[in-house]
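Since the structure comes first, as structure tokens, the remarks are kept for the end.
The values are calculated or read from the model by the stated rules, or taken from the named source; none is laboratory data. Values in this document were obtained by computation on a predicted structure and should not be read as measured data. Please note: Cβ atoms are built from the backbone with ideal geometry, for glycine as well, and neighbour counts cover all protein chains shown. Only protein heavy atoms, including side chains, enter the accessible area calculation; ligands, DNA and RNA are left aside. Shrake-Rupley method; radii C 1.70, N 1.55, O 1.52, S 1.80 Å.
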Amino acid sequence: MREQLATALAPLTDRGVRRRYREGALIFAEGDRGSEVLLVTDGVVHLVVGSDRDIAALGPGDLLGEFAALDGRPRSASAHARTAVELVAFSASDVLDVIERSPDLDLAASRTTVASGRRHTEMRSVAVGGLPVGQLARRLAARLDGDHRMVDIDAGALATSLEVSREQLARALDELHHRGVVALERGRVVVLDADDLRRVADEE
Amino acid sequence: MLCRVTITERQRSCFAAHPDRSPLLVVDLDVVRQRYEDLVAALPGVTVFYAVKANPLPELVSMLVELGSSFDVASIGEIEQCLAVGAPPERLSFGNTVKKADAVRRAAELGVTRYAFDSECELEKLVAHAPGSLAFCRILCDGFGAAWPLSRKFGCAPDVARELLLEAARHGLRPGVSFHVGSQQFDPAAWDRALATVADLRAELLAEDVELELVNLGGGLPGTYLEAIRPVDEYGSDIVAALRRRLGPDLPPEMLVEPGRYLVADAGALRCEVVTVARKSTTDEHRWVYLDVGMFSGLAEVMDEAIRYRVLTDGADRPTGPVVLAGPTCDSADILYETVDYQLPLDLRAGERLYLQSVGAYSTTYSTIGFNGFPPLDVEVLG
């Protein structure tokens with residue numbers, strides 16, 4: 001979707017606004033409210049989650065910022081100019097217009113792609129934060145027994161065995177809960193989606 | 001940790017020395033000096049321009065000149081006042097976006113080199129009468145998180161600002177940007193949000209080979225009213241971090257901040273007198289307390305009840321009940337607080353003195369010159 005949208009926007013740069021950034025400049029920050037889509041025309045942009053983890057390097061012809069334009073949620077990563085960068089900023093309404101007119105693009109499909117892209121970025125973001133999400137998921141997955149979805153946990157012992165603080169363990173459980181993978185009850189975890197849990201265990 | 005203010009010993013002594021003067025505002029310049037020094041320390045790399053409009057007392061402005069402050073001025077009158085007490089014109093910024101052409105011409109003659117604008121019309125005046133000056137365009141901010149969000153009277157949308165600044169540069173003016181996050185701003189992140197917009201604008205100017213030379217962070221730092229506030233070094237570290245993050249690594253050559261309220265509000269304590277206590281109905285427990293000071297004698301900021309002064313009485317542990325506070329004039333708008341929950345002693349009587357804290361900002365000159373025959377606010381300055 002990203003490549004097709006970039007291709008569709010490339011001939012339309014006169015509808016956007018040109019911006020130039022010096023090396024090292026922040027283009028947008030994770031958590032920002034912003035709905036513009038940016039098409040890189042020169043230089044290298046790094047997408048970063050957390051404090052320092054690069055998740056992608058983008059160059060001329062690449063697009064960034066399309067998640068927020070399509071779902072209205074905050075930016076999922078920060079964009080930094082790794083070299084001097086030039087880009088063109090398109091408004092969200094221009095981008096939606098382009099999607100509607102393009103035979104190669106479909107708004108519903110684009111939004112689905114964005115949703116899965118967000119999930120992927122969020123997972124990487126959590127990994128960066130040092131939370132034991134993957135370890136926790138593996139441990140829980142190993143204790144799943146057939147259809148039985150309840151896993152009793154002793155938070156103190158689990159934290160010790162994962163070599164993390166109870167606070168980190170609680171945040172990791174919260175993260176799994178936030179993603180809809182588990183529900184939390186006193187002294188136990190209810191696995192809502194075993195496949196998702198195994199996917200997190202594999203990906204983290 | 002949150003900050004509270006008290007009436008200083010010097011202010012108490014001054015009230016005691018003038019028992020018959022009421023209402024009386026006592027401004028303690030030691031408080032202003034401390035605030036200035038705290039702010040300079042909290043914002044390294046950022047120049048402090050005191051917003052003279054907040055309190056133009058000559059002794060106060062003179063002291064800030066000596067401390068090395070620069071000044072945000074709103075009119076030729078304020079420019080001349082600052083120059084008269086020794087502020088060099090290069091330490092002035094004409095921050096009003098509404099200026100007569102004659103005022104721009106006169107300011108330029110007096111050596112002022114920084115000007116705010118937000119429209120084509122104002123830009124034309126700067127091009128004609130202040131060539132080569134630093135022209136900073138004010139952009140609109142959302143004001144979210146402020147006790148007194150500013151209206152849309154000042155500023156323009158960023159896309160308009162871009163075109164105006166490109167036009168300014170074409171005419172040899174040096175482009176800058178200003179914004180104001182809203183007066184009495186409780187949320188330090190407000191500056192970060194505004195700076196994100198500034199960063200976009202800066203990148204758009206750079207794409208046209210135009211360098212942004214000045215970023216004006218405006219005012220908005222709070223005074224201490226009913227709500228306690230965070231210490232200024234916390235605001236400072238958040239703002240400095242936001243500047244580095246949004247505009248680094250190559251920061252603009254000049255960055256400035258325009259505090260008014262923050263520097264002077266807590267320096268002013270006002271003593272006033274209860275004129276009348278009235279019960280309006282047998283079923284309403286609210287008493288109406290009429291003071292000898294009101295909206296027309298220096299407390300105009302109670303408008304919309306956004307600025308909420310702390311009200312103190314003598315004597316501790318007196319049982320209290322709810323009151324409506326009003327001023328002494330025959331004008332129905334002269335009500336200080338009707339919806340905010342103020343409590344005063346149940347035995348409060350006419351003739352008792354009350355103390356209002358943090359009345360140093362937007363009070364001395366916000367007083368009418370004789371509405372209903374009442375004189376302007378009486379002020380003592382402790383240098």
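Numbers for the structure displayed
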{"item": "Coil-residue trypsin sites (Lys or Arg not before Pro) of the range A:1-107, DSSP, other Cβ within 10 Å capped at 13", "result": "A:R33"}
{"item": "Cα gyration tensor shape for the range B:253-332, rounded if a/c is under 1.5, else prolate or oblate", "result": "prolate"}
{"item": "Heavy-atom accessible surface of the protein assembly as shown: percent carbon and sulfur, 1.4 Å", "result": "50"}
{"item": "R0 of 41 Å, Cβ-Cβ distance A:A115-B:E120: FRET efficiency to nearest 0.05", "result": "0.40"}
{"item": "Probe 1.4 Å - accessible area at B:D304, Å² to nearest ten", "result": "130"}
{"item": "Residue-averaged 222 nm ellipticity for chain B, from DSSP H runs of 4+ at -39500 (n - 2.57), nearest 500", "result": "-9000 deg cm²/dmol"}
{"item": "Accessible area, probe 1.4 Å, largest first, for residues B:S332, A:S116, B:S363, B:S75", "result": "B:S332, A:S116, B:S75, B:S363"}
{"item": "Rounded if a/c under 1.5, otherwise prolate or oblate - the range A:2-125, Cα gyration tensor axes", "result": "oblate"}
{"item": "Rounded FRET efficiency, nearest 0.05, which uses the C-beta distance separating B:E227 from B:I369 and R0 of 41 Å", "result": "0.80"}
{"item": "Accessible area (Å², 1.4 Å probe, nearest 10) - A:M1", "result": "40"}
{"item": "Set of aspartates and glutamates with alpha-carbon distance to B:K125 below 15 Å, sequence-local pairs under 8 removed", "result": "B:D102, B:E109, B:E167"}
{"item": "Alpha-carbon spread of chain B, three principal axes, descending order, Å", "result": "71, 38, 37"}
{"item": "Accessible surface buried once A binds B (1.4 Å probe; total of both sides; Å²)", "result": "1400"}
{"item": "Average accessible surface area per residue within the protein assembly as shown, 1.4 Å rolling probe, Å²", "result": "43"}
{"item": "Accessible heavy-atom area order of B:C141, B:C330, highest first, probe of 1.4 Å", "result": "B:C330, B:C141"}
{"item": "q = 0.06, 0.09, 0.13 Å⁻¹: log10 I(q)/I(0) that the Debye formula gives for the protein assembly as shown, counting C-alpha atoms only", "result": "-0.44, -0.87, -1.22"}
{"item": "Probe 1.4 Å - accessible area at B:R244, Å² to nearest ten", "result": "150"}
{"item": "Buried on assembly, the range B:178-212 (at least 40 Å² less accessible surface than by itself, 1.4 Å probe)", "result": "B:D200, B:A203, B:E204, B:L206, B:A207"}
{"item": "Coil-residue trypsin sites (Lys or Arg not before Pro) of the range B:265-370, DSSP, other Cβ within 10 Å capped at 15", "result": "B:K280, B:R349"}
{"item": "Global form of the range B:298-383, assessed from the alpha-carbon gyration tensor, a/c cut-off 1.5", "result": "prolate"}
{"item": "Residue mean of other protein chain beta carbons inside 10 Å, A:29-37", "result": "2"}
{"item": "Sparse-neighbour loop sites [trypsin sites (Lys or Arg not before Pro); the range B:70-116; at most 14 other C-beta within 10 Å; DSSP]", "result": "B:K100"}
{"item": "Ellipsoid semi-axes in whole angstrom, largest first, where each is sqrt(5λ) of the Cα gyration tensor of the range A:130-196", "result": "18, 13, 11"}
